[in-house]
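Some notes on the structure that comes next.
The values are calculated or read from the model by the stated rules, or taken from the named source; none is laboratory data. Because the structure is a prediction, the values reported are computed rather than measured. All Cβ positions, glycine included, derive from the backbone under ideal geometry; neighbour counts span all protein chains shown.
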Amino acid sequence: MTPRSSGAAFTSHYLDMPLSLVLFRYLWPFWLFKDASRGDRLTRAAAYRHNRSMRIYLPGYLMKWTFSCVTAFAITSVFGSMSAQAAGSTGSLNVFAIIAAGWGIIFACSVCVLFVTSYIYLYLSRNDG
């Protein structure tokens, strides 16, 4: 007897997962896909069919990563302008420039994930295999 048929409340699998795994699955789209380059011909074809069926979730991830890029760029711009204003004092460590550089690295990584996800979505949408 399943929890649904017994009248008990159905619990999501996300309630049983640690928060780090939930965040990983919320942000990282590549956990959905299987490796279509290993195994025999039938195994690769099955993995490719699975990947094509999972491509429908990629636009949601693209929106999340676009928002991430915009946010990281905005924070980088704010700390970059703060570092330019604080550049008048010589001989001291400019913390704003370091923070801006860190957020710039996050922005660059977000753009890379955005481009790779876009490519995978377009590839799986255009190629039948």
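Every test in (1) under 18 Å from the mean Cα position of the chain (by Cα); (2) of a type outside the set (Gly, Ala, Ser); (3) closer than 14 Å to residue 30 by Cα is passed by residue 63 save one, and that test is (3).
Taking the residues in the range 88-129 that are polar (S, T, N, Q) and at pLDDT below 90 as candidates, determine which candidate is nearest to residue 33 (Cα to Cα). Per the criteria, the residue is 127. Candidates 25, 55, 44: the one that is in a helix (DSSP H, G or I) and out of contact with any helix residue (DSSP H, G or I) (no Cβ under 8 Å at 6 or more places or on another chain) is 44. As for the range 56-77, it holds at least one residue that is touching a residue at least 40 places away in the same chain (Cβ under 8 Å) and farther than 30 Å from residue 128 by Cβ. Evaluated against (1) in contact (Cβ under 8 Å) with a residue 12 or more places away in the chain; (2) part of a helix (DSSP H, G or I); (3) surrounded by fewer than 17 Cβ atoms within 10 Å (Cβ to Cβ), residue 35 falls short on exactly one condition, (2). You will find that of 68, 37, 77, the residue that is over 18 Å from residue 125 (Cβ atoms), within 11 Å of the chain's Cα centre (by Cα) and among the polar types (S, T, N, Q) is 68 and no other. Being among the small types (Gly, Ala, Ser), in a helix (DSSP H, G or I) and at pLDDT 95 or above is the requirement here; does residue 80 meet it? It is false that residue 80 is among the small types (Gly, Ala, Ser), in a helix (DSSP H, G or I) and at pLDDT 95 or above.
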